[in-house]
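Participant: Questions regarding the structure given below will be posed in turn.
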Amino acid sequence: MSWKISIDSRAKKELNKLDKFAQKKIITYLKTKIETSENPRLFGKALQGNKKGLWRYRVENYRLICQILDDELLILVVKVGHRKNIYLD
């Protein structure tokens, strides 16, 4: 069973603002760890509070905020950013 990765348009803009090295690290992480995993929840952490239902993945100093859609086997990346800015809104 493999998962599909989809990146929201807002998250794509955030990803494109990062340097090329960080972009490559994040894309590689998504393809190697998350997409091929039986259970993508093993690599992430469930968020709480107003972000309940979303999951956080850590790639060095960057965080990916994702929604896991089990019925579609889809990981939707909704936000990408540096760890100091990602949880502010």
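Any read-out appearing in this document is the output of simple, stated calculations on the displayed coordinates, not a laboratory observation. Remember, predicted model here, so these are calculated numbers, not experimental data. Note that each Cβ is placed from the backbone with ideal geometry, even for glycine, and that neighbours are counted across all protein chains shown.
Participant: Yes or no: the range 44-51 includes at least one residue that is touching a helix residue (DSSP H, G or I) at 6+ places or on another chain (Cβ under 6 Å), surrounded by 11 or more Cβ atoms within 10 Å (Cβ to Cβ) and closer than 22 Å to Tyr87 by Cβ.
Facilitator: The answer is no, given that none of the residues of the range 44-51 is touching a helix residue (DSSP H, G or I) at 6+ places or on another chain (Cβ under 6 Å), surrounded by 11 or more Cβ atoms within 10 Å (Cβ to Cβ) and closer than 22 Å to Tyr87 by Cβ.
Participant: Output the number of the condition that Trp55 fails; it satisfies all remaining conditions of (1) without any contact (Cβ under 8 Å) to a residue 24 or more places away in the chain; (2) of a type in the set (A, V, I, L, M, F, W, C); (3) surrounded by fewer than 17 Cβ atoms within 10 Å (Cβ to Cβ).
Facilitator: Exception for Trp55: condition (3).
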